[in-house]
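Undergrad: Questions regarding the structure given below will be posed in turn.
The values are calculated or read from the model by the stated rules, or taken from the named source; none is laboratory data. Please read these numbers as outputs of a predicted model, since none were measured by experiment. Here the Cβ is made from the backbone with ideal geometry for all residues, glycine too, and neighbour counts use every protein chain on show.
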Amino acid sequence: MLPILLKTLPFFAILGLGYIAARRGFFSEQATAHLTKFVFYFALPAMIFRFAATLPLSEVFHTPSVLAYLCGTLAVYLLATAVALIRRTGLEEAAIEAQSAAIGNVGFLGIPMLVLLMGAEAIGPVMIVLATDLVIFGSLIVVLISAKRDGRMSPQILGPIALGLLKNPMVMAIVAGLIWSGLSFPVPAPAMEFLTLLGGAATPGALFAIGASLAAKSAERLSVAIWLSTAKLALHPLAVAFAAFYLFDVPAFTASVMIAAAAMPTAGNVYILAQHYGIAPLRVSSTILISTAVSIVTLTAIIAAVLG
């Protein structure tokens with residue numbers, strides 16, 4: 001585990017640097033927002049497109065792998081929903097808690113970390129995880145909240161969902177890259193250098209932005225946040241491992257990458273959703289803060305286990 005810890009430590013060190021810079025007032029919330037926008041709209045899409053454009057389609061459209069991750073994530077999603085409803089929270093809060101327990105920071109943290117630690121061949125399984133999170137579960141949360149507020153399932157919600165996906169640069173980068181790959185077009189050398197240079201800013205920029213954003217997070221309902229963090233960091237990777245190894249015929253390396261991706265801490269975009277809809281944002285904030293801090297140990301241990 002120590003060799004893996006030494007490799008993951010620089011990632012968390014940059015994250016910690018962002019946290020300290022923001023806490024000391026050197027990096028303002030406005031600066032963090034602008035850095036996040038740069039990473040989200042420019043650097044990370046460039047990295048994703050570069051990987052996807054050179055990726056064999058069979059690595060992404062591998063049905064057993066997609067089903068394994070989907071089933072494992074759905075199991076945790078339903079468990080978190082059930083626990084929330086047993087506590088007699090509303091459906092909206094239950095949906096947000098389920099999102100916190102099942103959706104990890106794969107885009108900003110998972111892609112750069114896993115590709116560096118597990119090699120370029122890890123990008124295919126990571127794409128499966130990222131696409132499933134963004135398209136399936138990103139849509140599901142909107143459907144659940146809209147259905148609760150409208151009192152019924154309406155076809156009208158499909159428009160905003162589709163528009164949201166079209167406006168998501170990571171989704172568009174995956175789609176554009178896979179189309180390019182499917183057409184078997186080589187990426188011109190100047191374009192590849194441009195994508196490599198711009199995408200190179202994604203890793204340090206994303207990690208610094210995550211740390212800086214954590215400085216603005218506050219704690220509420222710690223018992224719930226600890227439960228959701230436990231579900232995200234422990235139950236989610238276990239559920240994906242069970243589905244990959246016992247329910248579906250997933251190649252060992254693909255399964256190991258998906259398990260590591262499932263061990264990522266709660267994604268920051270869950271907080272954005274909670275804030276947008278006005279549903280328990282402080283609870284989500286606490287979960288992100290706790291899961292990110294604890295993941296220094298848990299994520300390192302899980303990556304060491306799957307690589308060992």
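Undergrad: For the range 199-257, name all the residues that are in contact with a His (Cβ under 9 Å, 6 or more places away or on another chain) and within 30 Å of PHE42 (Cβ to Cβ).
TA: Matches in the range 199-257: THR254 only.
Undergrad: Based on this model, can you work out whether ALA206 counts as in contact (Cβ under 8 Å) with a residue 12 or more places away in the chain and under 17 Å from ALA80 (Cβ atoms)?
TA: No; evaluated as a whole, the condition is false for this residue.
Undergrad: Further, regarding this structure: Within the range 83-103, is there a residue that is of a type in the set (Gly, Ala, Ser), part of a helix (DSSP H, G or I) and surrounded by fewer than 20 Cβ atoms within 10 Å (Cβ to Cβ)?
TA: no
Okay, residues lined up against (1) out of contact with any helix residue (DSSP H, G or I) (no Cβ under 7 Å at 6 or more places or on another chain); (2) more than 22 Å from ALA98 (Cα to Cα); (3) surrounded by fewer than 17 Cβ atoms within 10 Å (Cβ to Cβ); (4) at pLDDT below 90:
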position	(1), (2), (3), (4)
VAL129	no, no, no, no
ILE145	no, no, no, yes
VAL171	no, no, no, yes
SER181	no, yes, no, yes
ALA189	yes, yes, yes, no
LEU195	no, yes, no, no
PHE208	no, yes, no, no
LEU214	no, no, no, yes
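Undergrad: Given the criteria hydrophobic (A, V, I, L, M, F, W, C), free of Cβ contacts under 8 Å to residues at least 40 places away in the same chain and closer than 23 Å to ALA260 by Cα, does VAL135 qualify?
TA: Answer is yes for this residue.
Undergrad: Enumerate the helices (runs of 4 or more DSSP H) found wholly within the range 1-69, keeping only those where 1 or more residues are under 30 Å from TYR246 (Cβ atoms).
TA: Those helices (runs of 4 or more DSSP H) span 2-23, 44-53.
Undergrad: Quickly run through the range 5-22 and pick out the residues that are touching a residue at least 24 places away in the same chain (Cβ under 8 Å) and small (Gly, Ala, Ser).
TA: GLY16, GLY18, ALA21, ALA22
Undergrad: Of the residues that sit in the range 261-299 and are among the polar types (S, T, N, Q), at pLDDT 85 or above and assigned to a helix (DSSP H, G or I), which one is surrounded by the fewest Cβ atoms within 10 Å (Cβ to Cβ)?
TA: Among those residues, the one meeting the criterion is THR298.
Undergrad: Count, please, the residues in the range 163-222 that happen to be of a type outside the set (Ser, Thr, Tyr), assigned to a helix (DSSP H, G or I) and under 12 Å from VAL39 (Cβ atoms).
TA: Of the residues in the range 163-222, 13 are of a type outside the set (Ser, Thr, Tyr), assigned to a helix (DSSP H, G or I) and under 12 Å from VAL39 (Cβ atoms).
Undergrad: If you go through the range 16-37 one residue at a time, how many are modelled with pLDDT under 90 and aliphatic (A, V, I, L, M)?
TA: 1
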